1. Just to check your reading of the model, which residue among Val103, Val137 is in contact with a Leu (Cβ under 9 Å, 6 or more places away or on another chain), over 25 Å from Ala18 (Cβ atoms) and of a type outside the set (D, E, K, R)?
2. Could you tell me which residue of segment 105-158 is nearest to Lys95 (Cα to Cα), considering only residues that are in contact (Cβ under 8 Å) with a residue 60 or more places away in the chain and among the basic types (Lys, Arg)?
3. Name the one entry in Asn7, Asn67, Asn22, Asn48 that is in contact (Cβ under 8 Å) with a residue 60 or more places away in the chain and either farther than 23 Å from Gly110 by Cα or open to solvent by 40 Å² or more (accessible area, probe 1.4 Å) (or both).
4. Among the residues of segment 104-162, which ones are surrounded by 13 or more Cβ atoms within 10 Å (Cβ to Cβ) and β-branched (Val, Ile, Thr)?
5. Out of all the residues in segment 25-45, which are part of a loop (DSSP other than H, G, I, E, B), free of Cβ contacts under 8 Å to residues at least 60 places away in the same chain and not small (Gly, Ala, Ser)?
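The values are calculated or read from the model by the stated rules, or taken from the named source; none is laboratory data. As the structure is a computational prediction, the values presented were derived from the model and not from experiment. Positions of Cβ are backbone-derived with ideal geometry, glycine not excepted, and every protein chain shown enters the neighbour counts. We work out accessible area using only protein heavy atoms, side chains counted, and drop any ligands, DNA or RNA first. Shrake-Rupley method; radii C 1.70, N 1.55, O 1.52, S 1.80 Å.
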Amino acid sequence: MKGDTTNVYGVYGVQGVANPANMPGTRNVSVSWTDNLGNLWLFGGRGNAAIGYGYLNDLWKYNPSSNEWTWIGGDSIINQSSVYGSLGIRSASNKPGGRSSSVIWKDNSGTPWLFGGQIKETYITIGFNSWYIYNFVNDLWKYDYSTNQWTWMNGDSTVNNF
């Protein structure tokens, strides 16, 4: 229906405005769902933003009727940190950070809930040895379609709390 070849950067356009030229960048281990109106939604993953490859926190809506993408929220650049705000309080500034391998589900009213995932690795060197430390989050977020706002509902605001 729409798309391009592999390793394509996203075309974000104006946030909240559908446009035939808009297109998320290529990615993997993202999450997706459908809303009660039949629109397809896409969040995060690891892939290409407007420039660069890394962990994404962009939120997209695809309307099958118009065959157009809308960049709804999040960032057009990679590896952004979460903005948690206050637990249980919805805010326009709240947002889950860039992540891959999250889980998403909808409750009985169709509200999407996002849980955890992997975030940007930490590269460390000790002596002659170097390696990546993989970082994971266990935060739980709720998204409100009507206000386009995220609420941090549960879990930690720091990484690797097992």
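1. Working: Val137 fails: in contact with a Leu (Cβ under 9 Å, 6 or more places away or on another chain).
None of the others qualify; the one that does is Val103.
2. Selected residue: Lys120.
3. Values: Asn7 fails: in contact (Cβ under 8 Å) with a residue 60 or more places away in the chain; Asn22 fails: in contact (Cβ under 8 Å) with a residue 60 or more places away in the chain; Asn48 fails: in contact (Cβ under 8 Å) with a residue 60 or more places away in the chain.
Selected residue: Asn67, the only one of Asn7, Asn67, Asn22, Asn48 that is in contact (Cβ under 8 Å) with a residue 60 or more places away in the chain and either farther than 23 Å from Gly110 by Cα or open to solvent by 40 Å² or more (accessible area, probe 1.4 Å) (or both).
4. Across segment 104-162, the qualifying residues are Ile104, Thr111, Ile119, Val137, Thr151, Val159.
5. Our first condition is that a residue be part of a loop (DSSP other than H, G, I, E, B); within segment 25-45, this holds for 25-26, 29-30, 35-39.
Narrowing further to those that are free of Cβ contacts under 8 Å to residues at least 60 places away in the same chain: 25-26, 37-39.
Hits for segment 25-45 are Thr26, Leu37, Asn39.
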